[in-house]
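> Dropping the structure in here first, questions after.
The values are calculated or read from the model by the stated rules, or taken from the named source; none is laboratory data. Everything quoted here is computed from the prediction, not taken from an experiment. Note that we place each Cβ from the backbone using ideal geometry, even for glycine, and neighbour counts take in every protein chain shown.
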2 protein chains.
Amino acid sequence: MKKSAPTLKDIARETGVHVSTVSRALNPSTRTSITDDVVKKIKNAAEQLGYRPNRVAAGLRTSRTMTVGLMIPDITNSIFPPILRGLESALEPMGYAVIMVNTDSLTSREHALVDVLRERGVDGIIHAAVLRDDPKIRAVAEDGTPLVTVNRRIENSGIPAVVNDDAMGVRLMLNHLYDKGHRRIAHIAGPVMLSTGEIRLRAFREIGVELGLDLPDQAIATADRFSEAEGERCAAALLDSGWNPTALLCANDRLALGAISVLRARGIACPEEVSVTGFNDMPFLDMIEPKLTTIRIQQFEVGRVSGETLLRMILDDNAEIAEVTTLPVTLVERDSVAPPPGHS
Amino acid sequence: MKKSAPTLKDIARETGVHVSTVSRALNPSTRTSITDDVVKKIKNAAEQLGYRPNRVAAGLRTSRTMTVGLMIPDITNSIFPPILRGLESALEPMGYAVIMVNTDSLTSREHALVDVLRERGVDGIIHAAVLRDDPKIRAVAEDGTPLVTVNRRIENSGIPAVVNDDAMGVRLMLNHLYDKGHRRIAHIAGPVMLSTGEIRLRAFREIGVELGLDLPDQAIATADRFSEAEGERCAAALLDSGWNPTALLCANDRLALGAISVLRARGIACPEEVSVTGFNDMPFLDMIEPKLTTIRIQQFEVGRVSGETLLRMILDDNAEIAEVTTLPVTLVERDSVAPPPGHS
DNA sequence: TTGAAAGCGCTAACAA
DNA sequence: TTGTTAGCGCTTTCAA
């Protein structure tokens, strides 16, 4: 038998004032117009009854549910939990809670889940799983739902994005490999439908040219997904192409892990014979041998900043919001890079 | 400028019927009492206007928000994401969404977050972070909020729990170590305020006695938290006690990882000189050397079953719910266990 | 400074 | 089979 929670009406009855007075007394921003005595009396009664505001009712009236939606591909992918915590760290102090949904990177799921969020009247959406272009998401944003994309962006959409400096990450890594003496550097690229995959690939090409590297077709393999299995497939293709790369610059850590397991399976020493690098610096990476040299992105921070951005959009209809906020990345040198064989 | 979404009223106007008719036509369980023609007409109009039900309004009326709360210590701990996915797999097909909060195992946060969930009118709560006893949580359950605890339980509370067979896990592991020839087996226990810590410790003692093991005080070190750092501290204490254990049975994987790093730091070979075992089989464990022998718990499954249980409680006030559902565990043999030194 | 009254969008008696 | 009506708990305009 579910006891029904006390309402404003109960407090009103208890204190002998009108419910609207109670409402005003309990709301900091309208409290000013109420006598201190009355406020005190009301607060006491509220406390005593164990009153908790019913945000569903308030939400219906104000169309503010104090809830935001978070869309991610898969919380099981270890780069997302820190993002969620970062988001939470920005939202919770302001009284916002988050409804999280996993899209599994499926457009159909994604579209259904946007509706799940909207039906629940979320005040805004953080989208960490967006495709490079997605009319439905554009439409949601244009409808007026505050929306910010994380890690990825929809280009020319005017939708604010909080991303990592992917190009800089590739630059740091290519310079690092170059400095170690590598000249035949291959790239395992991420899916090009994702802005991260595309940007990192483009950066690889551009900066490779800057460095005067040879970049034949065999230097690049493109993964369909950011997974270990795709890393294995691409690494195998790269090794079989006859071009004999001395280093594999992978578009993320999971691809790199896959690449390393192929090397191990073939008895090719990493890093002595072939160097491998990752991107993201996911948790636990420093416990896996060989410890992967990678690019650290600020996962928590990206979540926090996106939360703050969303909050500003929710709270102020015409806040000035940068279309893209780029967070710096850093190179983390570990054990998966060595000079190429024969290099003194 | 946020366009206001179409409502039942809009559809009613469009089709020339009353809103209650529209409501009934759109709700599968009341649809039967409406003429097929009218239903069709209404559905068309709804489709055409892009109607999405406003669950906030419906929730206010029915006190069913189609939302459940999930409380976990920290989503960053890799055993929780699969639980969340399992939960989602049970809830989403039934139209339920989940609001997740991280308690960081802090009672104060936990209590505040329960209110966050209740204010939002969640239809039920999955609690994966419960302490062994917690009056506030008991109170919530007694108030009539459907509640199920996961992984841990509040004893003698009547609150349904979905847990892993912790005692069996300890038994499998102790038998395994015993069979390999170990006789001086130490235990790094988890926090005793958590039912997992307590149960695994008790099982260790009981089964140790069954096997005729010597179990002096020096055989057990108790961690304050399930963390690598505590694993290190406890392992150091065990190694320094003079009892010279040949195996460290740890109450979870993170403790085991800490223990292994202490061994490594001291130049003690694992598993050749000291064997170490974990519990949980968290993701990526199979990529970390030495690959940890551990107990696999069914993380996804525990989430799914708890979701189904909660659903039954929500949907049927007097459903028969088992107070505890125990899921089986399995031993995963990897490379961190060997016979003790000198054992033929 | 407080009260009265309306209404957010929906569902569910009750009537017709 | 459909319409009427009331009301979930709250906020907010208007009046007093």
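> Taking the options A:T76, A:T65, name whichever one is in contact with a Lys or Arg (Cβ under 8 Å, 6 or more places away or on another chain) and within 12 Å of DNA strand D (Cβ to nearest atom).
A:T65
> Out of the stretch A:220-236, which residues are surrounded by 16 or more Cβ atoms within 10 Å (Cβ to Cβ) and of a type outside the set (D, E)? Spell out how you get there, then give the answer.
Initially, the stretch A:220-236 is screened for residues surrounded by 16 or more Cβ atoms within 10 Å (Cβ to Cβ), giving A:220-223, A:225-228, A:230-236.
Listed by number, the residues that qualify are A:I220, A:A221, A:T222, A:A223, A:R225, A:F226, A:S227, A:G231, A:R233, A:C234, A:A235, A:A236.
> What pairs come out if I take residues in the stretch A:28-54 that are under 19 Å from A:G95 (Cβ atoms) and away from chain B (no Cβ under 14 Å) and pair them with residues that are small (G, A, S) and within 14 Å of DNA strand D (Cβ to nearest atom) whose C-beta lies under 9 Å away, six or more apart or interchain?
A:T30/A:S23; A:R31/A:A25; A:K43/A:A25
> Ok, one more. Kindly list the number of the only condition in (1) over 20 Å from B:V116 (Cα atoms); (2) of a type in the set (A, V, I, L, M, F, W, C); (3) without any contact (Cβ under 8 Å) to a residue 24 or more places away in the chain that fails for A:A57.
(1)
> Out of all the residues in the stretch B:191-216, which are modelled with pLDDT of 95 or more and either assigned to a helix (DSSP H, G or I) or touching a Ser or Thr at 6+ places or on another chain (Cβ under 6 Å) (or both)?
Selection gives B:R200, B:L201, B:R202, B:A203, B:F204, B:R205, B:E206, B:I207, B:G208, B:V209, B:E210.
> Only one of B:G86, B:G50, B:G144 is within 16 Å of DNA strand C (Cβ to nearest atom) and of a type in the set (G, A, S); which? Full working, then the answer.
Details: B:G86 fails: within 16 Å of DNA strand C (Cβ to nearest atom); B:G144 fails: within 16 Å of DNA strand C (Cβ to nearest atom).
When all the criteria are applied, what remains is B:G50.
> Turning to a different aspect of this structure: Here are some conditions: (1) surrounded by fewer than 21 Cβ atoms within 10 Å (Cβ to Cβ); (2) facing chain A (nearest Cβ under 10 Å); (3) more than 12 Å from DNA strand D (Cβ to nearest atom). B:L60 meets all but one. Which one does it not meet?
Failed condition: (3).
> Which residue out of B:I11, B:I42, B:I34 is more than 11 Å from DNA strand C (Cβ to nearest atom), in contact with a helix residue (DSSP H, G or I) (Cβ under 9 Å, 6 or more places away or on another chain) and within 24 Å of A:H111 (Cβ to Cβ)?
Values: B:I11 fails: more than 11 Å from DNA strand C (Cβ to nearest atom); B:I34 fails: within 24 Å of A:H111 (Cβ to Cβ).
Going through B:I11, B:I42, B:I34 in turn, just one is more than 11 Å from DNA strand C (Cβ to nearest atom), in contact with a helix residue (DSSP H, G or I) (Cβ under 9 Å, 6 or more places away or on another chain) and within 24 Å of A:H111 (Cβ to Cβ): B:I42.
> Right, another one. Among B:R31, B:R24, B:R13, which is outside the structural domain of B:G95 (by TED's automatic domain parsing) and either in contact with a Pro (Cβ under 9 Å, 6 or more places away or on another chain) or within 7 Å of DNA strand D (Cβ to nearest atom) (or both)? Walk me through how you get there before you give the answer.
Values: B:R31 fails: either in contact with a Pro (Cβ under 9 Å, 6 or more places away or on another chain) or within 7 Å of DNA strand D (Cβ to nearest atom) (or both); B:R13 fails: either in contact with a Pro (Cβ under 9 Å, 6 or more places away or on another chain) or within 7 Å of DNA strand D (Cβ to nearest atom) (or both).
Matching residue, one of B:R31, B:R24, B:R13: B:R24.
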